[in-house]
Structure formats: structure tokens, C-alpha cells
Amino acid sequence: GIVVVLGLLRGEELKILFLTAVSMAVAVIPEGLPAVVTITLALGAQRMVSRKALVRKLPAVETLGSVTVICTDKTGTLTENKMTAVMVTVAGESVDLRNNPDLLQEAPRSEPSALALLLTGAALCNDAVLTKDQFIGDPTETALIQAATWWGLEKPYLEQSLPRVAEAPFDSDRKRMTTVHQVSNTIASLNPIWETVGAGMPYVAFTKGAIDSLLTVSTQVWSNNTVSPLDAAQHQRIHHEEDLLAQTGMRILGVAFRPVASATFDAKQDEKDLIFIGLIGLLDPPRPEVKEAIQVCKTAGLRPIMITGDHPLTALQIAKQLGMIDDEALLSGQDLARLTPEQFIEEVQRVSIYARVSPQQKLDIIQALQDQGHIVAMTGDGVNDAPAIKRADIGVVMGITGTDVAKESADLILLDDNYGTIVAAVAEGRVIYDNIRKFIKYLLATNAGEVWVMILAPLLGMPLPLLPLQILWMNLVTDSLPALALSVEPAERNIMQRPPYPPNEGLFDRGLGLHVLWVSALMGLITLGIGYGYWSAGLPQWQTVIFTVLTFLQIGHVLAIRSEQESLFSQGLGSNWLLLGAVGSTLMLQLAVIYVPWVQDWFGTQPLNMTDLGVCLAAGTGLFWAVELEKWIRRRNRNDT
């Protein structure tokens, strides 16, 4: 509108003014931005797949670059989820299975044994199966079957002797599972026990689950081959045994049983008055790559948080092994339940290890972090993790061991189940975020430079400096290929040595707005300075010189902003061959517009002699050197601080 008014005041033709105004509108409005952003995200998603990270939702590619907190489940994510039952403990008897390689028997042990009862219950209250050559099912349950097999209690034999007639599946609220079995043909290890506690009951219910959960529904304990009341001393003894196992990083499950009269079973009514048998410690080693990945997270300013349903001491031990924490800061689900909302927010800011938490508490932790302005990634693999994965800004799930429910909730699937892949995806997200900002910086600054030229030229008494088709040409050749090439710019050298940028930062923060202002103003001044000299001297090629200088300035600008800190000379021209090719193509196209006769007629250009072309090239480098000077000053100030 301003250009039209100024042109009319100078007596310019309305038709040419209208075409010029429309051309400027096309040039100024970054209509290519949605396309370039989409292409950038798609290319980033493609690169992530090559690094074993499958993106299910395209916007997640950019969001990854702003992640400040990575919350993760323990089992199957930080650990290998390759469970091995290594310790079984009942009152008065403990066996370290690692030190007993000869436990495998061809037939069950004949003598009555509380350990045999424990392993019988663990194998029967279990949905995994044993085929001829392998165990199939959940890693925890297959480990329990394997331990029973070591003791000579193979599951097919147990199921034949004690067929299942009812069950109450595991759920995250009860934290236990119960199966009911018919006692028509009891096995040798159960017969003496059944004579003591069976009381003629035709069925037995086995329950396995978290120790705290079992103790709430148990009233007796199996001790010294007899049943004793589950009093305070027994509670203390069981918790002490649990703590000893948890301190070594083991996952602990308990097993209990109860004779029942009916094959029907209702967990709410019948899961009570159990006889607690003992504990099983399962070893799940940390993934070898996780420790290094967590250190990279810390260097990059990312905060790793563990949220697990396992025992606090187990979580603490694994966290220390992985280098997640250096102190004893840990909160259990019971601790969280006692906090007021204000205390909850305060503790979430401080604590990075959470144990014995419910799925709802996982959601509350993530929500509290988000309320504090964090961008949260949640990593897990199980059904219980799905709500938290969906609530997080970035939901990440293990592709190999993850459940279908968890995958449906996720934004990102790790095809190799490698925690380090999350870090690689965050790095890729930062690269994409940086490149989008570079494109916006380039587009806005160069387009604004064209506006300054068109507005200031009439104020200097000059005719319209550019024809409509020349404006559209610059918008086509400088805003397309070079801008697209910026989207594949390699990562900055310090990409994972700096903290994440504030999630609430604006588009023009961190100097982008100031850069657009001074670069566009300098672009306009250089162009008009050269063009005014040619016009005032009465040289007919003055408009072509303005057209060419403005194009060369934009090429110099795109080369200079490849990095926010590093000089182009330290980066190397060959570090982005696509951009180099785009710049070369733009130069060749611009020279064709100047020197090909039939193209000259279209664009209203005149051929430039070598002197004029040299002037245009020299002036076109002015913006490049100015931006390089700005980066040098920024580097010097950074080194001084």
C-alpha cells in the first residue's frame, strides 16, 4: 500500500504500481514456510528411522528438540527385561540359584519343601508356557517357570497334577494375580503340606505379586513346615528379607496360597486370609548402553527421571548403577500420597527417582512437570505405561518388547529398544528445530530487505527500482532451493553440549528479531547505495544492477547463517553439498537472466560488463562479512564469559 501511494505521488502508472504491490505481497509473505517446515520434518523423520527411531506423529520431530525431561520406566527400558530368578527365600531357608547349577532334576523332589511350594505357586500362578525347547511369555513369568524347572518342577507336570479352574488376572490396582487349581491329584511336594492346611478342601488358590500387596491380604505365614500367624514380627522379618534382596538391584515378588472350597473365584471377595510362603528375587541387568546415554542427557541439560512400580531400594540401586543420581533422593508412592499439592510440586522439582508408584501417580508427576513449563518425554513398554505415554509431550515406547497398547499411545517407537536412541532422536530434533529457525531467519530478513529497497527508493527520488517479474524471480530462486537446502544443514558441533532452549521462547527470541531488522536494513542500504550511484550517473543498467546486487546479497546471507556461532570457514563449504549446489544453481540462473537475450526481454534486464558484474559480486559479499563479524563478536563474548 505504501509503495502504491508513493508511486502515485511521483506520477507512476497505476497498472505497474498495482503489479508491483502484488509482487511485493507475494515476496514478503513466506508462503513457502509451511511446505519447507513439512519437508524438513519429513526428512528429519526419515533420518530418525535410519537411527532406529520410528516417528508416528510428524510434529513430534520438532518437539523432540525442546525436550527438557525424560521420564522412564525401569523394567524393559533402563534394564534388559531379561529376567532371571536368582534367589528364593522362605522362613528358615534361602537358596541362591546362581550357586546351584546342578538343581535341574528329571523328576520333582520327593521331600516336602517350602521352597518347592513357593516355586509350585510361582509356576502355576503364571501365564507363560514351556515348550520343548523354549519359554514363551512375559519375561518375569518365564523366569519363574525356569526357576521351578531348575528345582525339578516342570510346568506341564504341575498343570497336569493341579489343573487351573479359575483365575483373577493381574491389574495395576491390586498388584497381584491369583489362579485356582483343583487338588484331585496333588504332587509329592504339596501332599504333606496339604495334609497340614488343606482341611479337605478340593481346591487351592495361588497368588503372586508385590510384597506389600500380598501382606495386606495375608493373615498367616508358612514357617517351619507349619502355619503361623502373620504378626508384627513376621511382617518385620519379611520386609527385612525384601530389603536385602532389593539392595542388590533385584526385583522381588511374593507368593501366597489358600485352600478354597469352590472353583469360582472373585478377587474382591475371595482374595483374603492368604498364607504367605516366601519371596523370589529376579535379576534384570541394566542395558549396557543406558549409562552412557544418561551421561549425554545430563551434558545436554536433560533431566532423566525414573518412575517405576518396583521396590524403592531396587530402583535406587539401578539408578546408582546407571549414574542417574548421586544422592539418596527417592520418593515412593506412599510418600507421594501424603504430600499436599504444593509439596508435591516442590518435591517433583527436586526428586528424580520414584518407586512403588501407581499409574495415576505417574500421570500426576508428568502433569506437575508440564505445569512447571517442562517439555516431557515419557518412555515405557507396558500396558500400565500407556496413560503416561499418552499424557507426555513426547510418548516413547520400546518397539521390540513394547505392548500394542503402549505403541498406539506413542509418538515415537524405538525399533532397537535402545535407550540411547532416545538421545539420538533428541539430538535430531534439536537439529531440525535449529534448521527451521535458520530458514525463518533467512526468509524474513531477505524479504524485508526487498521491502526496504522498494520503500526507500522513491524517497530518494528514484523510479521503482524493481519490476514485478524481477521481484517474483528473486522470490522463486532465492526462497526455494537455498531455503530447502538449509533444512538438511548438519548439526552444530555443540548440539548436545548445551541445555535445551526455553520451551516458551518466542519466534524472535535469542536475537532472531534483531537479526532480521539489521540485516534487512543493511541489505536495503547496500543495494540502494550501489543502485543510486548508477541511477544518478544516468547509466541505463542501474535497475539490473539493483536486481543483481539484491540477489547476490541473499546468497551471501544464506551462506553466513548456516551456523549461529561458527564461521563458514571452520564449517567448510563442503559440509552441506546441497546448499552449495543450491547457491551455484541460483548464481547460474541469475546470470542467465542477465545475459541470455530472449530472457532479458522477459525480465527487462540489460547485460552487465565485467566491471559492473564485479561491483555486484563485491557488494553482494557485504552482508556475508557483516554476519560473520556478528558471529565473531558473539564467539568472543562467549569465551570472555
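The values are calculated or read from the model by the stated rules, or taken from the named source; none is laboratory data. From a predicted model like this one, the values you see are computed outputs, not experimental measurements. Glycine gets a Cβ as well: all are built from the backbone with ideal geometry, and neighbour counts include every protein chain shown. Areas reflect the complete protein model, heavy atoms only, side chains present, ligands, DNA and RNA absent. Shrake-Rupley method; radii C 1.70, N 1.55, O 1.52, S 1.80 Å.
Here are the numbers:
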item: Scope region 129-179; condition among the aromatic types (Phe, Trp, Tyr) and either at positive phi or part of a loop (DSSP other than H, G, I, E, B) (or both); matching residues; result: 151
item: Region 236-272, subset of a type outside the set (Gly, Ala, Ser), assigned to a helix (DSSP H, G or I) and in contact with a strand residue (DSSP E or B) (Cβ under 6 Å, 6 or more places away or on another chain), residue farthest from residue 219 (Cα to Cα); result: 245
item: Output for region 273-294, where each listed residue is under 29 Å from the mean Cα position of the chain (by Cα) and in a loop (DSSP other than H, G, I, E, B); result: 284, 285, 287, 288, 289
item: Hey, residue 259 surrounded by fewer than 18 Cβ atoms within 10 Å (Cβ to Cβ) and in contact with an Asp or Glu (Cβ under 8 Å, 6 or more places away or on another chain) or not; result: no
item: Total residues in region 356-396, condition touching a Gly at 6+ places or on another chain (Cβ under 9 Å), small (Gly, Ala, Ser) and touching a residue at least 24 places away in the same chain (Cβ under 8 Å); result: 5
item: Condition broken by residue 223, with the remaining ones in (1) over 17 Å from residue 273 (Cα atoms); (2) more than 46 Å from the chain's Cα centre (by Cα); (3) buried (at least 16 other Cβ atoms within 10 Å of the Cβ); (4) among the small types (Gly, Ala, Ser) satisfied; result: (1)
item: Selected residue [basic (Lys, Arg) and open to solvent by 30 Å² or more (accessible area, probe 1.4 Å)] from 438, 390; result: 390
item: Region 594-637, residues that are modelled with pLDDT under 90, assigned to a helix (DSSP H, G or I) and among the β-branched types (Val, Ile, Thr); result: 599, 633
item: Candidates 621, 611 - the one that is among the hydroxyl-bearing types (Ser, Thr, Tyr), under 25 Å from residue 448 (Cα atoms) and open to solvent by 30 Å² or more (accessible area, probe 1.4 Å); result: 621
item: The listed residue being polar (S, T, N, Q), under 19 Å from residue 614 (Cα atoms), open to solvent by 10 Å² or more (accessible area, probe 1.4 Å) and touching a residue at least 12 places away in the same chain (Cβ under 8 Å), out of 565, 543; result: 543
item: Residue that is nearest to residue 116 (Cα to Cα), among those in region 153-181 that are open to solvent by 70 Å² or more (accessible area, probe 1.4 Å) and touching a strand residue (DSSP E or B) at 6+ places or on another chain (Cβ under 9 Å); result: 154
item: Verdict on residue 342 being among the charged types (D, E, K, R) and within 21 Å of residue 209 (Cβ to Cβ); result: no
item: Among (1) closer than 27 Å to residue 81 by Cβ; (2) modelled with pLDDT of 90 or more, the one test that residue 319 misses; result: (2)
item: Meets criteria (in contact (Cβ under 8 Å) with a residue 24 or more places away in the chain, under 26 Å from residue 333 (Cβ atoms) and of a type outside the set (S, T, N, Q)) for residue 249; result: yes
item: Conditions (1) within 24 Å of residue 464 (Cα to Cα); (2) in contact (Cβ under 8 Å) with a residue 12 or more places away in the chain; number of the one not met by residue 597; result: (2)
item: Residue in region 262-271 that is open to solvent by less than 60 Å² (accessible area, probe 1.4 Å) and more than 21 Å from residue 207 (Cα to Cα) present; result: no
item: Selection status of residue 415, more than 25 Å from residue 370 (Cα to Cα), over 10 Å from the mean Cα position of the chain (by Cα) and open to solvent by less than 20 Å² (accessible area, probe 1.4 Å); result: no
item: Only one of 528, 484, 512, 464 that is surrounded by 15 or more Cβ atoms within 10 Å (Cβ to Cβ), in contact (Cβ under 8 Å) with a residue 40 or more places away in the chain and under 22 Å from residue 617 (Cβ atoms); result: 528
item: Near pairs, Cβ below 8 angstrom, 6+ apart or cross-chain, from region 17-28 (open to solvent by 50 Å² or more (accessible area, probe 1.4 Å)) to any residue that is in a helix (DSSP H, G or I) and of a type in the set (A, V, I, L, M); result: 18/4; 26/471; 26/472; 28/448; 28/451
item: Which numbered condition residue 477 misses (of (1) part of a helix (DSSP H, G or I); (2) open to solvent by 20 Å² or more (accessible area, probe 1.4 Å)); result: (2)
item: Odd one out for residue 326, checked against (1) in contact with a helix residue (DSSP H, G or I) (Cβ under 6 Å, 6 or more places away or on another chain); (2) within 26 Å of residue 500 (Cβ to Cβ); result: (1)
item: Scan of region 327-357 for residues that are more than 28 Å from residue 425 (Cα to Cα) and among the polar types (S, T, N, Q), ordered by number; result: 332, 334, 340, 343
item: Residue 421 being under 12 Å from the mean Cα position of the chain (by Cα) and either in a helix (DSSP H, G or I) or over 18 Å from residue 44 (Cα atoms) (or both); result: yes
item: Filter result (under 21 Å from residue 245 (Cβ atoms), among the charged types (D, E, K, R) and open to solvent by 70 Å² or more (accessible area, probe 1.4 Å)) within region 283-342; result: 320, 328
item: Filtered residues of region 525-561 (kept if under 46 Å from the mean Cα position of the chain (by Cα) and small (Gly, Ala, Ser)); result: 556, 560
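One line per residue, one yes/no per condition, for (1) β-branched (Val, Ile, Thr); (2) at pLDDT 85 or above; (3) part of a helix (DSSP H, G or I):
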residue	(1), (2), (3)
4	yes, no, yes
8	no, no, yes
20	yes, no, yes
34	no, no, yes
37	yes, no, yes
46	no, yes, yes
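Conditions (1) within 15 Å of the chain's Cα centre (by Cα); (2) modelled with pLDDT of 90 or more, marked per residue:
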{"position": "333", "(1), (2)": "no, no"}
{"position": "359", "(1), (2)": "no, no"}
{"position": "363", "(1), (2)": "no, yes"}
{"position": "366", "(1), (2)": "yes, yes"}
{"position": "378", "(1), (2)": "yes, yes"}
{"position": "387", "(1), (2)": "no, no"}
{"position": "392", "(1), (2)": "yes, yes"}
